[in-house]
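Step one of this worksheet: look at the structure below.
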Amino acid sequence: MELKQLKTLIAIAEAGSLSSAAVRLKLTQPALSASLRRLEDELGVSLVRRHPRGATLTREGRIVLQSAYEVMHEVSEIASVTAALQETPVGRVRLGLPTTVAGGLIPELLPALRDRFPQVTIYLLEAMSGVLSEKLQLGHLDMAILYDIEPMAGLRSQALLKERLSLLVPPGHRLAERGRIRLTEVADLEIALPSSAHSIRRQIETVCQIEGVQLSVAADIDSLSGVINLVRKGVPTILPVYRVVEKIAAGEIVAIDIERPRLEWTVHLAMRQDANRPRAALAVSELVSEICLRLVTEGHWPGEVVR
C-alpha cells in the first residue's frame, strides 16, 4: 500500500468523481483508476461505486477513508516535526530534576546551555521523582531525570548511568570504619529515609521485601538537606553519594557500601514525544546526557556509564 493510493481514495471522496479527482491530483483518469484498483485488490474489497453522476464510496470505502485521513495526518505531523528539527533550537524547555541530582547538575547545565544554545530558555523544577514522573505524564514537563522507570505511553527514555545507594553515617558512628555492610546489618539501625513518594524509598523497600529484611525507619523526610543534617547528628540514611561527595571528601560524612545485595538503580532521561519545541527539547536532552556522562567519566558523579 502506498500513500498515493490513499490520496487517490481521499480525492475521489472529496471530488465526487474520478475525473475531478484526477484533475485535482494532476493525473490522467486511467492512471487514477489503476491506482484505485491496486488499492482495492490489496484490501480485497470494493471501495468506490461508480454511477452516472460520478462516484461515491461504499461502506468499506468510508471505513478505509477514515484510516486514510489518519495516516495522512500522521505523515503531515512527521513532516512538521522534521522541519522543526532543521531549525535553530529556540524556545522554552521544561526540565525536571530530582533533589539528589539538581544541585550538582544545574551549575553544569546552565552555562553550557547559554554557550551552545543561546536562544533556548529553560524552566527547571526540582522535586521528588514521583512528582516529576506525574508532571511529565501530565505534560507539565518536557523531560525529567528519573530512576528505574517503567515504559510509559507517550514517553521515550534513555538510560544514562547506574548509581549505587550507600549507607551514610557521621564520622564518629560505630560503623564509620567499615568499608562495606550487609543489608541485614542495616536493619539493626534506626535510619531516616525519604517518604514512599520518592524512588529511593520504593527501591529500598522493594529490595528489602525480596530479601526478607525489615528496616527500622525513624523518620520520613523529603528534604535532602534535612536528611544530611540528621546524618550529622548521628541518624544514618541510605542515599546515592553524588550530592554529598564533597562532604565525604571533607570527612563530614562517611559512605559505606551496602552489599548482599548491592543496592543500585539506573538513572534515565525521560522525554515526552510530543514536546512543543522538538528541536529545543532535543538540544537540551542531548546536552543533559552529555554532561551526565562527562561527570561520571571524570569521577565527579560516582556511577557506571550505561553503554
The chain: calculated mean residue ellipticity at 222 nm from DSSP helix runs of at least 4, using -39500 (n - 2.57): -14500 deg cm²/dmol
Taking the Cα centre as origin and putting +1 on Lys and Arg beta-carbons and -1 on Asp and Glu beta-carbons, what dipole magnitude results for the chain, to the nearest 20 debye? 1120
Out of Ala218, Ala22, Ala283, any idea which swings most in a Gaussian network model of the chain, alpha carbons joined below 10 Å? Ala22
Note down the magnitude of the dipole of segment 106-208 about its Cα centre, charges +1 on Lys and Arg C-beta and -1 on Asp and Glu C-beta and zero elsewhere, to the nearest 20 debye. 200
Spelling out what I want: for every residue of segment 152-163, take phi, set θ = phi - 60°, compute 6.51 cos²θ - 1.76 cosθ + 1.60 (Karplus), and round to whole Hz; glycine and proline get x. 10, 4, x, 10, 10, 9, 10, 6, 9, 7, 9, 10
Net lengthening on full extension, Glu211/Glu246 (0.36 nm per residue, minus Cα-Cα): 9.4 nm
Which of Leu146, Ala31, Thr88 sits farthest toward the positive end of the charge dipole of the chain, with +1 on the Cβ of Lys and Arg and -1 on the Cβ of Asp and Glu? Ala31
If one builds a Gaussian network model of the chain from Cα atoms under 10 Å apart, the most fluctuating residue listed among Tyr69, Tyr123, Tyr242 is Tyr69
For segment 115-249 (alpha-carbon point model, no solvent) the Debye-based log₁₀ I(q)/I(0) at q = 0.09, 0.11 Å⁻¹ works out to -0.34, -0.49
In Å, descending, principal axis extents of the Cα set of segment 178-307: 51, 33, 28
Antiparallel DSSP bridges in the chain: what percent, to the nearest 5? 60
Over 31 Å apart: what share of the alpha carbon pairs of the chain falls there, rounded to a whole percent? 50
Averaging over all projection directions, find the projected area of the Cα convex hull of segment 3-85 and quote it in nm² with one decimal place. 5.6
What are the ³J(HN,Hα) values, in whole Hz, obtained from phi via the Karplus relation 6.51 cos²θ - 1.76 cosθ + 1.60 with θ = phi - 60°, for each residue of segment 54-68 in sequence order, with x given for Gly and Pro? x, 8, 10, 7, 6, 4, 5, x, 5, 5, 5, 4, 4, 5, 5
Mind checking the angle between helix 278-297 and the chain's longest principal axis? C-alpha axes, 0 to 90 degrees, to the nearest 10. 30
Suppose each label sits 7 Å from its Cα in the direction of the beta carbon; what would the Ile106-Ala197 distance come out to in nanometres? 1.9
Counting only pairs 8 or more places apart or on different chains, how many lysine pairs in the chain have C-alpha atoms closer than 29 Å? 5
Proxy reagent accessibility, fewest Cβ within 10 Å first, across Leu39, Leu132: Leu39, Leu132
Could you estimate the translational diffusion coefficient of segment 31-181 from the Stokes-Einstein equation, with Rh from the Kirkwood formula over C-alpha pairs, at 37 °C and 0.692 mPa s, in whole µm²/s? 153
Which residues' amide hydrogens lie under 5 Å from the amide hydrogen of Ser195, considering only partners 5 or more residues apart or on another chain, with H built in the peptide plane? Ile221, Asp222
Considering amide H positions built from the backbone, and no H for Pro or chain starts, which residues 5 or more places from Glu264, or on another chain, come under 5 Å of its amide H? Leu165
Could you give me the ³J(HN,Hα) list for segment 257-264, computed from phi with Karplus coefficients 6.51, -1.76, 1.60 and θ = phi - 60°, whole Hz, x at Gly and Pro? 5, 9, 10, 6, x, 6, 8, 7
Low-density loop positions, trypsin sites (Lys or Arg not before Pro), segment 159-197 - DSSP coil, at most 11 other Cβ in 10 Å: Arg174
Amide H contacts of Arg182 (H built 1.01 Å from N, under 5 Å, at least 5 apart or other chain): Glu259
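Bear in mind these aren't lab numbers, they're just calculated from the coordinates by the rules spelled out. What you see is a predicted model; the values in this text were computed from it and never measured. All Cβ positions, even for glycine, are placed from backbone atoms using ideal geometry, and neighbour counts span all protein chains on display.
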